[in-house]
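See below for the structure under consideration.
The values are calculated or read from the model by the stated rules, or taken from the named source; none is laboratory data. Since we're looking at a predicted model, the values are computed, not measured. A quick note on method: Cβ atoms are made from the backbone with ideal geometry, for glycine too, and the neighbour counts reach across all protein chains shown.
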Amino acid sequence: MSTDAILQTDWFQQARELSTAEVSDALDALNLPGSALGIQPIAGPAKLFGLAFTARFSPIDRFSPGTVGDFIDTLERGTVVVLDNGGRLDCTVWGGILSRLAAHKGLGGTVVHGVCRDTAEANTVGYPLYANGRFMRTGKDRVQVEAYEQPVSLGDVRVSPGDLIVGDSDGIVVVPSQRMKEVLTRALRTRAAEDQILQAALGGLSLNEARKKFNYHTLQRSAASQLGL
């Protein structure tokens, strides 16, 4: 299925309302990694959902210095920019001009394995920005783009171009593109069951009884554990 076709499916549109906790539980149930430890909301709305464009940075080549990236001109509306600066905390790869342009273009947000700056500008234009932290020193003459649209990392989580990035106030989760429908439909199914459990408990059923009625423990158990592996 093409990217455009995926974006229009009912399950993808419904999944926009999922929390990172719900997606993380679905990843766990399917024995998949994806929860990006240490990446937190920094500026703008704490809500992000879109397919990844990736860029990886490396220390500057003093003999043939490259750019910190003019890639933003090529990106389509809704794209989530994922920048791997190796977790560096001493220089940034995303600032105010990029936040303003990204908001103008309707990009879905930016996630940095490292730090960002000019966060007040991201707040002003309402642009979602996630990172390990914030620091004002420029990456210019310190780092350069090493590769575009190649696998990168957000800490211990691998991100490939086209993977789904979901963010909220709890952080970031990554869903591999090859398993996207499976993960999201699992999360949606669990969400529906949990809502039934909550409504039953609010209606007077004990939580233990409500969980048994709607098979909560089976929903939360990984596929491997259900097989006794």
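Considering the stretch 4-61 alone, what residues qualify as being at pLDDT 95 or above and of a type in the set (Phe, Trp, Tyr)?
PHE49, PHE53, PHE57 - these are the residues of the stretch 4-61 that are at pLDDT 95 or above and of a type in the set (Phe, Trp, Tyr).
Could you list, in sequence order, all residues of the stretch 148-176 that are touching a His at 6+ places or on another chain (Cβ under 8 Å) and at positive phi?
Of the stretch 148-176, the ones touching a His at 6+ places or on another chain (Cβ under 8 Å) are 152-155.
Residue satisfying the conditions is GLY155 alone.
For the stretch 1-12, how many residues meet the condition of being within 18 Å of GLU76 (Cα to Cα), assigned to a helix (DSSP H, G or I) and free of Cβ contacts under 8 Å to residues at least 12 places away in the same chain?
3
Could you pull out the residue among ALA15, ALA43 that is touching a residue at least 12 places away in the same chain (Cβ under 8 Å), buried (at least 22 other Cβ atoms within 10 Å of the Cβ), in the same structural domain as GLY95 (by TED's automatic domain parsing) and not basic (Lys, Arg)? Step through it out loud before you land on a result.
Working: ALA15 fails: in the same structural domain as GLY95 (by TED's automatic domain parsing).
One residue alone meets the criteria, ALA43.
What's the total number of residues in the stretch 51-72 that are closer than 29 Å to ARG179 by Cα and out of contact with any Lys or Arg (no Cβ under 9 Å at 6 or more places or on another chain)? Give the derivation first.
Residues of the stretch 51-72 closer than 29 Å to ARG179 by Cα: 51-57, 71-72.
Next, from what is left, pick out any that are out of contact with any Lys or Arg (no Cβ under 9 Å at 6 or more places or on another chain): 51-56, 71.
Residues in the stretch 51-72 being closer than 29 Å to ARG179 by Cα and out of contact with any Lys or Arg (no Cβ under 9 Å at 6 or more places or on another chain): 7 in total.
Just the residues that are among the acidic types (Asp, Glu) and farther than 25 Å from HIS104 by Cβ, please, taken from the stretch 27-72. Spell out the reasoning first.
Let us first name the residues in the stretch 27-72 that are among the acidic types (Asp, Glu), namely 28, 61, 70.
Passing the criteria: ASP28, ASP61.
Quick check on the stretch 137-196: of everything there that is free of Cβ contacts under 8 Å to residues at least 12 places away in the same chain and not hydrophobic (A, V, I, L, M, F, W, C), which residue is nearest to ALA46 (Cα to Cα)?
Within the stretch 137-196, the subset free of Cβ contacts under 8 Å to residues at least 12 places away in the same chain is 178, 192, 195.
Going one step further and asking which of them are not hydrophobic (A, V, I, L, M, F, W, C), we end up with 178, 195.
Working: GLN178: 26, ASP195: 23 Å.
Per the stated criteria, the residue is ASP195.
Please note which strands (runs of 3 or more DSSP E) are completely contained in the stretch 103-202 and include at least 1 residues that are under 13 Å from the mean Cα position of the chain (by Cα).
Numbers: elements: 109-113, 129-131, 143-148, 152-154, 157-159, 164-168, 171-175.
By residue number, 109-113, 129-131, 152-154, 157-159, 164-168, 171-175.
Across the stretch 76-111, which residue is farthest from PRO41 (Cα to Cα) among those that are touching a residue at least 60 places away in the same chain (Cβ under 8 Å) and out of contact with any Ser or Thr (no Cβ under 8 Å at 6 or more places or on another chain)?
Among those residues, the one meeting the criterion is GLY78.
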